[in-house]
1. Carbon and sulfur together cover what percent of the accessible area of the stretch 96-206 at a 1.4 Å probe radius?
2. What list of ³J(HN,Hα) values in whole Hz, one per residue of the stretch 135-147 in order, does the Karplus curve 6.51 cos²θ - 1.76 cosθ + 1.60 (θ = phi - 60°) give from phi, with Gly and Pro shown as x?
3. Assuming a viscosity of 0.692 mPa s and a temperature of 37 °C, what translational diffusion coefficient in µm² per second does Stokes-Einstein assign to the stretch 136-237, Rh being the Kirkwood radius over Cα pairs?
4. In a Gaussian network model over the chain where Cα atoms closer than 10 Å are linked, find which of Ile140, Ile205, Ile60 has the largest mean-square fluctuation.
5. What are the residues whose amide H is under 5 Å from the amide H of Gly8, where those residues sit 5 or more places off or on another chain and H is modelled from the backbone?
6. Please compute the volume of the convex hull spanned by the alpha-carbon atoms of the stretch 65-209 and report it per residue in Å³.
7. Report the net charge of residues surrounding Tyr16, where surrounding means a beta-carbon distance below 15 angstrom and charges are Lys +1, Arg +1, Asp -1, Glu -1.
8. Check cross-link reach from Lys3 to the lysines: straight Cα distance under 19 Å, and skip same-chain residues fewer than eight apart.
Amino acid sequence: MRKPIMAGNWKMFKTYDEALEFIYAVNQLLPDKNKVETIIFPPAIVLVSLVKRQGENLRIGAQNMHYENHGAYTGEISATMLKSINVKYVLVGHNERRRYNGETDVDVNKKVLTAVNNNIIPMICFGETEEQFLHHDTDIILKRQVCEALKDVKVEDMSDVILAYEPIWAVGTGKTASAKVANDKCGLIRTYISELYNEEISENIRILYGGSVNPQNIQELIKEPNIDGVLVGGASLDAAKFIEMANLCE
Ligand code: 13P
């Protein structure tokens, strides 16, 4: 039985005060952590404060991390730093970082290896563009992204890895993938994991869907057998919607 995940990626939204206000509003109203893993990925400047104030049923993750543990990399933060403030999750390979920050599959792989080596759980994102989707290239794109991201990741580290299918055409567009498409592609990723590792790993790994998820469409998505939760952008910024979605994941 795979525990469902409700994850909110705040991207570059919310000031310090707004972030604290959100945490105080949601802390007591989230589902039991034994039933749903609820995670927020806020901007880096509020990580310390949110970790200190996170309620029992909330987890805090970073939106990004460098693959080196320290060094002359202006503007970056490292896994060592995240560990020092008790951050246990990190988003890796989000399409916005691939597109706007030039992150390659090789960078994604280095970050995944650094995360698992530092006992930080990477939530690795994969997805195709609209053009690739329309040309029926999704499967080949996903296979390449999954294989590259997990290169040299040991079987014993795979229990600490979370995957997310986020078609780029569905992110921030209001064009949610249909439950069937989302389930098929999450299922396909599961097949790749079984080919790369084994049946047990592929049965146990959690694969989320992301792309214009909201309180209205979340239920039809998470009832699908291959979708183990959601990674939500826009709708996760609203405390009431966040609480509603987290509880619907139960
Ligand atoms: P939206 O929910 O705003 O489409 O964003 C999804 C996303 O990118 C989460 O990482």
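1. Working: 2560 of 5200 Å².
Roughly 49 percent of what the probe reaches on the stretch 96-206 is carbon or sulfur.
2. Those phi angles translate into 8, 6, 9, 3, 4, 5, 5, 4, 4, 4, 4, 5, 4 Hz.
3. Numbers: Rh = 13.9 Å.
Reported coefficient: 235 µm²/s.
4. Sorting by GNM fluctuation, first place goes to Ile140.
5. Amide H neighbours of Gly8: Ile39, Ile40, Phe41, Val232.
6. Numbers: hull volume 16.8 nm³, N = 145.
Roughly 116 Å³ of hull volume per residue.
7. Working: positive: Lys14, Lys52, Arg53; negative: Asp17, Glu18, Glu21.
Summing Lys and Arg as +1 and Asp and Glu as -1 gives 0.
8. Within the straight-line cut-off, Lys3 pairs with Lys33, Lys35, Lys88, Lys223.
The values are calculated or read from the model by the stated rules, or taken from the named source; none is laboratory data. Because the structure is a prediction, the values reported are computed rather than measured. Note: ideal-geometry Cβ built from the backbone for every residue, glycine included; neighbour counts use all protein chains shown. Just the protein is used for accessible areas: all its heavy atoms, side chains included, with ligands, DNA and RNA removed. Shrake-Rupley method; radii C 1.70, N 1.55, O 1.52, S 1.80 Å.
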